[in-house]
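Notes follow the structure.
The values are calculated or read from the model by the stated rules, or taken from the named source; none is laboratory data. The structure displayed is predicted, hence computed values, not measured ones. Cβ atoms come from the backbone with ideal geometry, glycine included; neighbour counts cover every protein chain shown. The protein model used for the area step is the full one, side chains on, heavy atoms only, and it has no ligands, DNA or RNA in it. Shrake-Rupley method; radii C 1.70, N 1.55, O 1.52, S 1.80 Å.
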Amino acid sequence: MEMVKVTVDGQTVEVPNGSTILAAAKKAGIKIPTLCYHEDFNVKAMCRICVVEVVGARTLQAACSQPVSDGMVIITNSPAVRQARKINLELLLSNHPQDCLNCVRNQRCELQALADQLGVQQQRFHTKTRPESPKDESTAALVRDPDKCILCRRCVEVCHEVQSVGAIAPGNRGINTQILPAGGVDLNDVACVQCGQCSLVCPVAAIYEQDHTERVWAALADPEKHVVVQTAPAIRVSIGEEFGMEPGQVTTGQLVAALRRLGFDRVFDTDFTADLTIIEEGHEFIDRLTNGGVLPMITSCSPGWIKFIEHFYPEYLDHLSTCKSPQQMFGALAKTYYAEKAGIDPKNIYVVSIMPCTAKKFECGRPEMSASGYPDVDAVLTTRELGKMLRQAGIVFSELPEEEYDDPFGITTGAGVIFGASGGVMEAALRTVYEVVTKETLPSVDFNAVRGIEGIKEAEVDLKGTKVKVAVANGLGNARKLMDLIKEGKADYQFIEIMCCPGGCIGGGGQPIPTTNEIRKKRIEAIYKADAGLPLRKSHENPAVKTLYEEYLGKPLGEKSHQLLHTHYTKRGKYPEKSVG
Amino acid sequence: MAIYRSHVLVCGGTPCLLKGARTIRDLFQQEIDRYQMTDEIRVVETGCLGPCDEGPVVIIYPEGVMYSRLQPADVPKIVENHLYKGRVVEELIYKEGKAGREQSGPPGVTLEGEKYLDRQKRVVLRNCGRINPDSIEEYIANHGYKALGKALTELRPEEVVQMVIDSKLQGRGGAGFPTGLKWSFTAKTQADRKYIVCNADEGEPGTFKDRLIMEGDPHSIIEGMAIAGYAVGAEEGIIYIRGEYQLSIERMARAIRQANQYGLLGKDIFGSGFNFQIQIRSGAGAYICGEETALLESLEGNRGEPRVKPPYPGVAGLWGKPTVVNNVETLANIAPIILNGPAWFRSIGTESCPGTKVFTMLGDINNQGLIEVPMGITLREIVYEIGGGIPGGKGFKMAQTGGTSGGCLPMEYLDLPMDYDTLAKAGSALGSGAMLIIDDTHCIVDVLKNFMRFFCHESCGKCTPCREGNPRLYEILTALSAGTATQAQIQLMKDLARTMQLTALCGLGQSAPNSLMTCLRFYADEIAEHLNGECPTGVCKSLATKSEAV
Ligand SMILES: Cc1cc2nc3c(=O)[nH]c(=O)nc-3n(C[C@H](O)[C@H](O)[C@H](O)COP(=O)(O)O)c2cc1C
Ligand code: SF4
Ligand code: SF4
Ligand code: SF4
Ligand code: SF4
Ligand code: FES
């Protein structure tokens, strides 16, 4: 690559031709303040906070978008630059509610941090010039607060370009500009899949998850309630970031300890029902493969993905596995099998999930998700909300000892852990399907071809004569590509794994902020580290799962399974009815 | 000062005057006042409109509807139906062919009075009002498509680009970017497809030069586009016409059909192997859609908002393909340059800015309308010679050059030559050539408030400084006119205006404060008086006028 020399505040640095000023300054050790910029997205250059002087240019240049050229002389810290940045920030602040003390993003807010960084100390523009709008709390998963929106459009970018959903877009013009669900209706009335990717990239508190912490505190304080908690595979590799730890640490033991200290009666692991999912889904796949069922079969554990296919490809719902997600399987079993075993009235069992996902809040409210007669799952906390509760309780996460999950839903395998990363469900399924079909032990449990953050991955597995072609997609934009292939009759796969969020659940919409692709990669590494560190790596080897079948379920795809662990889907269409949701 | 939604141009040519045009004019004003539309509609007496036998003649813009043989009784009908209810009065419309061919030109203001004829120089308006715009034969008979023939049969594409570079033609859409250089970028870029886009969005309030060219000489644009296509290697042209310009759209469409029939568009033009086709798209209406990248977004079916540059359209434009975007007037200059050569073109106008410019004279000036004059003409000549001075014997206060985004120039600048370079240096712009003359009864603060209101309305809302800044400028100016502004706010306004100029994403936000910045410089005293609670002109009603204060 051709290198060019540029001068940043007197220092000469060499960078690849076409690099932005932002990158060149970084190389010179200068962090130019940014607001609308996000390292994973196309540059929109709209906030105009990152401006710098380029000698010879008539105007200041946006560092995030302006490419360098050889010999360019850049000044990042002149009085003109400081004044322009500050005025642009003041303009944003003047129409922003000064509400930090009551705000979910207090101390975790890019706008707030910027105000400090740029030395804003007084309001020079007094009145609001922007019309106020009410909060939109129509969806189960998310709250939109347009008054706090600073119009950086990262949410629009992720919703359109990454997720290919396009539920929200800029509307109106000038000072009346807002980010709106199409047609200005409530978010629940458009085809939003509630993935929460928008909430993950929002620099302020303009989109965030529906709060479930208060109901969980109330349940924990209720002596009538037996409160059990399940932790999704991806939480153990991300919760540490809520407490300032470096991304990529495996903190399973501390997570268990923390939840116990919060007062949960039992701390269980969703990995257990992930293993169970593999048994059910694996057998479903073998059944479809051998008995001419609908193929390719597509995984069904990601609720954002489910809502996506219901909206955009409703005619393909029979490709979906009928398995509930691990979260819902867990809830169904907690209020039946576990309730019986522990001798507790299911009415008094309160199931809390710790999830990397906002769509799980939507999923647990789906009317079909109450196998016991009670909702399978009562509350869903995102990783961020758990962080918030632990802070409220004064639990010093980094100093916790490592503790073990409770029985019986705490016994898990590496196959369950890797559900947290894109390709993990496929790999876990293959580990089991191979051994069930061939009745032989896998030479190596690692299916490297389906690992990693790449959007679409493919592999072929030889089940001793039967070749199975599989595909794995993460991020709904990639899911759409695969669905279009199916639609055009060009997909020769038998089995497809789709995860709604980029990188899989480790990159979910409920994960710590920031979540970038770099951070996702570190979490993925941590997931496979956790897998490799476990004695059992295959779901069908999970002794607790075996016991469950012996004691309760009978056999995979049996009648009980059908009742508790399988589900059906709803055709929604792109322009949903007001009542659906 | 107000920005008017419509202009009623009453022909002030001698034949019309003899037939009672003044009475018609006064009646229009009376009726408009009666409907309380005085602030919205401006009645203007103008130079000869053309069909002298059909007088008195009136044209209403922006629709460009011409009414002829008006009797006093017709005026209330037109005001009520056309101006108030928006319904054209069909039976009074001027019909071509009623009079002889000579007078049947397009609607237009061409100021034929002998006094200005010698100052005017027609290049882009060469055919307007002289030939029948619906007749390709007449265009051809007046050297039409000769330049295209010459380019295709005698010149290599790079020679065409070089001629345009040598002519020093600058884009007439606003920014004055050298056209030849722009073409050379696109010519150099390899791509399977390239586009020529003609920018006919013409959103500048009060301006209608592009419309006049399209309606008066549509083939000159087609010819310019085809030559541009040949020069840069594009086979597709798109004309993006402001939606309200129905007649322009019809005329251009007819002209394109004719050119196709004559083999001047389509496949293998002049047997040269060069293919070129043109389609018309009508604009969504927002001012910002005239900005070239917002225009491209609009063409792609997206929200009309500017893109981040680079990449520039010349390299990655429509659908990511190299695209030349040129203004109507720019393209109308191309055929004459190819035909007569760059040296001929450079002999007109000034050394650094050759050629002519079509100016639209608006505001407090006797002869409102369009003129085409060589670059470098002075403001004084425009106002006092061609424009016939300021009505009512009032004094000149300032001229805003370059449309709403231009700066305001005071009396001392009357002898400034009008060209891109000089005006830019003076803190203003030549822009699209709109020239708003403001007499000395107007208050600076009030005038500025009106400009800022326009930008509050037209900001697309994408970037912070423009979206949030314009309302703040308006807010502070309002405080100034109400007598509640502080010195600190004036400083803040200056800093904010500067920040907008330096950091806004596109030309709209960057130039929105131009008028304010120039007025802060040239009318500091008048602004200071407002701070002290006085409005010298008495326009700001909450403040004392000077005489009262004394
Ligand atoms: C806010 C704004 C509005 C504009 N409107 C127009 C317009 O109506 N017509 C036009 O030709 N150019 C307009 N322009 C300029 C175009 O962006 C572009 O520079 C021009 O079309 C290029 O053509 P030229 O090189 O032939 O002048 C506008 C620019 C801005 C910033
Ligand atoms: S979003 Fe940020 S700046 Fe706004 S109120 Fe919340 S914490 Fe404060
Ligand atoms: S939750 Fe997902 S689908 Fe809904 S608006 Fe946000 S990014 Fe788009
Ligand atoms: S909601 Fe958040 S991410 Fe979306 S534009 Fe507003 S501030 Fe940016
Ligand atoms: S300067 Fe104004 S019009 Fe241009 S992009 Fe910014 S907000 Fe839109
Ligand atoms: S960070 Fe560069 S313009 Fe917003």
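For the reader, a short list of remarks on this structure follows.
- Among the candidates B:I78, B:I60, residue that is over 26 Å from B:G388 (Cα atoms) and either modelled with pLDDT of 80 or more or in contact with a helix residue (DSSP H, G or I) (Cβ under 8 Å, 6 or more places away or on another chain) (or both): B:I78
- Residue count for region B:279-318 satisfying the condition of being open to solvent by 20 Å² or more (accessible area, probe 1.4 Å) and touching a strand residue (DSSP E or B) at 6+ places or on another chain (Cβ under 6 Å): 5.
- Single residue of region A:80-98 satisfying the filter (open to solvent by 60 Å² or more (accessible area, probe 1.4 Å) and at pLDDT 95 or above) that is nearest to the other protein chains (Cβ to nearest Cβ): A:Q83
- Selection within region B:36-57 - open to solvent by less than 30 Å² (accessible area, probe 1.4 Å) and at pLDDT 75 or above: B:M37, B:I41, B:V43, B:V44, B:E54, B:G55, B:P56, B:V57
- Residue within region A:39-52 that is of a type in the set (D, E) and surrounded by 16 or more Cβ atoms within 10 Å (Cβ to Cβ) present: yes
- Residue check, B:D495 more than 16 Å from ligand 5 (Cβ to nearest atom), open to solvent by 20 Å² or more (accessible area, probe 1.4 Å) and closer than 30 Å to B:P311 by Cα: yes
- Helices (runs of 4 or more DSSP H) within region A:372-446 that include 1 or more residues within 19 Å of A:T252 (Cα to Cα) and open to solvent by 30 Å² or more (accessible area, probe 1.4 Å): A:383-392
- Annotation note: of B:T207, B:T186, the sole residue that is polar (S, T, N, Q) and at pLDDT 95 or above is B:T186.
- Count - residues of region A:151-177 that are in contact with a helix residue (DSSP H, G or I) (Cβ under 9 Å, 6 or more places away or on another chain), among the basic types (K, R) and within 16 Å of ligand 6 (Cβ to nearest atom): 1
- Qualifying positions in region A:99-127 - loosely packed, with under 14 Cβ neighbours inside 10 Å and within 14 Å of chain B (Cβ to nearest Cβ): A:Q122, A:Q123, A:H126, A:T127
- Criterion violated by B:V539 - all others in (1) part of a helix (DSSP H, G or I); (2) within 26 Å of B:E204 (Cβ to Cβ); (3) open to solvent by 30 Å² or more (accessible area, probe 1.4 Å) satisfied: (1)
- Extreme residue, nearest to the other protein chains (Cβ to nearest Cβ), among residues of region B:440-486 that are acidic (D, E) and touching a residue at least 12 places away in the same chain (Cβ under 8 Å): B:E458
- For region A:255-340, the helices (runs of 4 or more DSSP H) that sit wholly inside it and include 2 or more residues that are free of Cβ contacts under 8 Å to residues at least 40 places away in the same chain are A:270-291.
- Subset of region A:152-182 (residues that are open to solvent by 20 Å² or more (accessible area, probe 1.4 Å) and within 14 Å of chain B (Cβ to nearest Cβ)): A:H160, A:E161, A:G166, A:A169, A:P170, A:N172, A:R173, A:I175, A:N176, A:Q178, A:L180, A:A182
- The single condition among (1) in contact (Cβ under 8 Å) with a residue 40 or more places away in the chain; (2) out of contact with any His (no Cβ under 9 Å at 6 or more places or on another chain) that B:M398 does not satisfy is (2).
Table: residues versus (1) within 16 Å of ligand 2 (Cβ to nearest atom); (2) in contact with a Cys (Cβ under 9 Å, 6 or more places away or on another chain); (3) away from chain B (no Cβ under 13 Å).
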| position | (1), (2), (3) |
| --- | --- |
| A:M1 | no, no, yes |
| A:K5 | no, no, yes |
| A:E14 | no, no, yes |
| A:K31 | no, no, yes |
| A:H38 | no, yes, yes |
| A:A45 | no, yes, no |
| A:L60 | no, no, no |
| A:S69 | no, no, no |
| A:V73 | no, no, yes |
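- Condition met for B:E202 (more than 14 Å from chain A (Cβ to nearest Cβ), open to solvent by 10 Å² or more (accessible area, probe 1.4 Å) and away from ligand 4 (no atom under 16 Å from the Cβ)): yes
Condition check ((1) assigned to a helix (DSSP H, G or I); (2) of a type in the set (K, R)) across all residues:
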position: A:K529; (1), (2): yes, yes
position: A:L534; (1), (2): no, no
position: A:R537; (1), (2): no, yes
position: A:Y549; (1), (2): yes, no
position: A:Q563; (1), (2): yes, no
position: A:Y569; (1), (2): no, no
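- Some residue of region A:64-79 being outside any loop (DSSP other than H, G, I, E, B), open to solvent by less than 50 Å² (accessible area, probe 1.4 Å) and away from ligand 1 (no atom under 16 Å from the Cβ): yes
- Boolean, A:A140 is within 30 Å of A:F243 (Cα to Cα), open to solvent by 20 Å² or more (accessible area, probe 1.4 Å), within 16 Å of ligand 6 (Cβ to nearest atom) and away from every other protein chain (no Cβ under 14 Å): no
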